[in-house]
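What follows is one structure encoded as structure tokens, with my remarks underneath.
The values are calculated or read from the model by the stated rules, or taken from the named source; none is laboratory data. Everything quoted here is computed from the prediction, not taken from an experiment. Methodologically, a virtual Cβ is constructed for each residue, glycine included, from the backbone with ideal geometry; neighbour enumeration extends over all protein chains shown.
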Amino acid sequence: MLEIECPWCGACDQSEFSYGGEAHIARPKTPADLSDQEWGDYLFNRENPKGWHREQWCHTAGCRRWFNAVRDTVTCRIKAYYRMGAVPPEEDGR
Amino acid sequence: MKHSALQIFRQAWSSHRKWPRTWSSPEPKPAYDVVIVGGGGHGLATAFYLASEHGIRNVAVLEKGWIGGGNTGRNTTIVRSNYLLDGNEPFYEWSLKLWEGLEQSLNYNVMMSQRGVINLFHSDSQRDGFIRRGNAMLMHGADAKLMDRDELEKVLPYLDFDNARFPVLGGLCQPRGGTARHDAVAWGFARAADQLGVDIIQNCEVTGMRIKDGAIDGLDTTRGFIGAGKVGLAVAGNSSRLASMAGLRLPLESHVLQAFVSESIKPLVDTVVTFGAGHFYVSQSDKGGLVFGGDLDGYNSYAQRGNLPTAEHIMESGMAMMPCLGRVRVVRHWGGVMDMTMDGSPIIGLTPVTGLYLNGGWCYGGFKATPGSGWVFAYTLARGEPHRLNAAYRLDRFSAGRIIDEKGVGPQPNLH
Ligand SMILES: Cc1cc2nc3c(=O)[nH]c(=O)nc-3n(C[C@H](O)[C@H](O)[C@H](O)COP(=O)(O)OP(=O)(O)OC[C@H]3O[C@@H](n4cnc5c(N)ncnc54)[C@H](O)[C@@H]3O)c2cc1C
Ligand SMILES: [Zn+2]
């Protein structure tokens, strides 16, 4: 069981949270100007890194708020949490 | 050496110490016509069909660990072709037909056992959906049979038929479905490919790609540079990593899926059964262990091990379907890294880089696809264009709006 720290409620069991996938995928401002490739890239393509991943979580069975985390996809260690809309902490592997 | 009953008898005289190596392990050559990355079932099958169907024998399979050590050796070995959509069903049915003759074409016992796959349903609407799928299967030349509760009670008497929340109303059965021995599939394809001149190179990780004027030139590996006319990627959960070496982004996420095996018990489950109200499936291996699994852990992962909340959830689903499971002890569990596409269907075809071909996005279901996938991928590599059977699996379907939505639930990377 992972222990995940909600920025509002503190550390809770993983089973209280739901996963929201890769963070910082912004919807293009002018979709009509995009080519099919660009639109397909926005909708479907993902970074899917082996290592640090900036991702979204929701405290579904708690405060029900969304936040971001930086997690290693091999060890599951989470090194940083930050709020939606905040600037992501540096990905320096520390 | 050809395997036969006589050979077993002969080798017994020397206490089975004189069997030759199943495949040779040559040093890599400086270059090949075709290099396959990934020595799982799909990569090895591709190499075999390149050599046997297309006469292309200057081929290498590069594997970073040992062959079959990826998902091929970690899966729950269910083989079936019970799909609904036109893009899927003909491909999986062709794969199942190849399975039916595989032991003869490879001269290797892959322990293919057509013991039937039964999908249980628990509501009228679920039954209607299954009937529709069964009819689609029949129209594509596959086999399907609707079973009512009375028939099910004869074969699976221990199901919780009167479960208050999810009563078992019946099932959709594919009698030709079943299981096969996963390791033997990798070894059988490796041996047959090796005999046709394919180089199987283990402990050789691809670390980079050299691309010249938009075309693949070769691969950097932990055993040096290897030149290649064409490259086929068949690396399952590592597809995004390999693609990124060519500057490509893929419509998939890597997730961990777990499998579980119980202690050996007397014959109990002589078919494959899947629960329709939760996610749980079970069969029994020839050694007697119950082999079962269920949902993904639910977040991007390259860890080949899972987490306990999912284990608990899977056991609970199993108990809801088959309460007698509660008396059985689990002895082993592990995880594999799944290449989950955004529409739950695989990708087999060309990429924007000339000479670079992709086979991936297998989600939960790539083991059954092994022979079919190798067969169409070999065709695609040899001819430079997809076969009719994998035409729908092209990578650019995601930008062309032609996704294959088998489950009818829209794009999300947790389908299969
Ligand atoms: C727990 C579990 C249960 C499953 N159950 C079923 C089932 O019941 N039925 C079914 O049909 N399917 C099932 N699957 C899915 C199935 O196992 C896979 O889809 C299938 O085996 C994929 O085969 P493959 O050859 O593409 O991949 P793999 O067998 O994973 O082979 C890919 C290989 O590529 C190698 N590789 C990766 N990166 C590199 C690199 N840089 N250089 C060189 N080599 C590299 C890896 O080491 C690996 O050996 C299951 C999977 C899991 C994990
Ligand atoms: Zn919270």
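Residue check: A:W39 meets all listed conditions (1) surrounded by 12 or more Cβ atoms within 10 Å (Cβ to Cβ); (2) touching a strand residue (DSSP E or B) at 6+ places or on another chain (Cβ under 9 Å); (3) free of Cβ contacts under 8 Å to residues at least 24 places away in the same chain but one, namely (2).
Residues in the range A:1-34 that are in contact (Cβ under 8 Å) with a residue 12 or more places away in the chain, away from ligand 2 (no atom under 16 Å from the Cβ) and farther than 15 Å from A:R77 by Cα: A:G21, A:E22, A:A23, A:H24, A:I25, A:R27, A:P28. B:Y302 falls short on exactly one of the conditions (1) touching a Leu at 6+ places or on another chain (Cβ under 9 Å); (2) assigned to a loop (DSSP other than H, G, I, E, B); (3) within 14 Å of chain A (Cβ to nearest Cβ), and that condition is (1). Restricting attention to the range A:62-94, the residues that are within 13 Å of ligand 2 (Cβ to nearest atom) and away from every other protein chain (no Cβ under 12 Å) total 9. Among the conditions (1) in a strand (DSSP E or B); (2) buried (at least 18 other Cβ atoms within 10 Å of the Cβ); (3) not assigned by TED's automatic domain parsing to the domain that holds B:R74, the only one that B:G349 does not satisfy is (3). When restricted to residues that are without any contact (Cβ under 8 Å) to a residue 24 or more places away in the chain and either among the aliphatic types (A, V, I, L, M) or part of a loop (DSSP other than H, G, I, E, B) (or both), the range A:52-83 contains 5. Does the range B:279-299 hold any residues that are within 10 Å of ligand 1 (Cβ to nearest atom) and within 14 Å of chain A (Cβ to nearest Cβ), and which are they? Within the range B:279-299, B:L296 is the sole residue that qualifies. Could you tell me whether A:R27 is assigned to a loop (DSSP other than H, G, I, E, B), of a type outside the set (A, V, I, L, M, F, W, C) and more than 10 Å from chain B (Cβ to nearest Cβ)? Criteria met by A:R27. Within the range B:305-323, the only residue that satisfies the criterion of being away from chain A (no Cβ under 14 Å) and either at pLDDT below 95 or exposed (fewer than 14 other Cβ atoms within 10 Å of the Cβ) (or both) is B:P323.
When the range B:358-416 is filtered for residues that are within 14 Å of ligand 1 (Cβ to nearest atom) and among the basic types (K, R), only B:K368 remains. Would you check if A:D13 is in contact with a helix residue (DSSP H, G or I) (Cβ under 6 Å, 6 or more places away or on another chain), surrounded by fewer than 17 Cβ atoms within 10 Å (Cβ to Cβ), of a type outside the set (A, V, I, L, M) and within 14 Å of another protein chain (Cβ to nearest Cβ)? No. For A:C76, the conditions (1) loosely packed, with under 14 Cβ neighbours inside 10 Å; (2) at positive phi all hold with the exception of (1). Criterion applied to B:L6, B:L44, B:L84 was being of a type outside the set (V, I, T), out of contact with any His (no Cβ under 9 Å at 6 or more places or on another chain) and crowded, with 24+ Cβ neighbours inside 10 Å, and the one residue passing it is B:L44.
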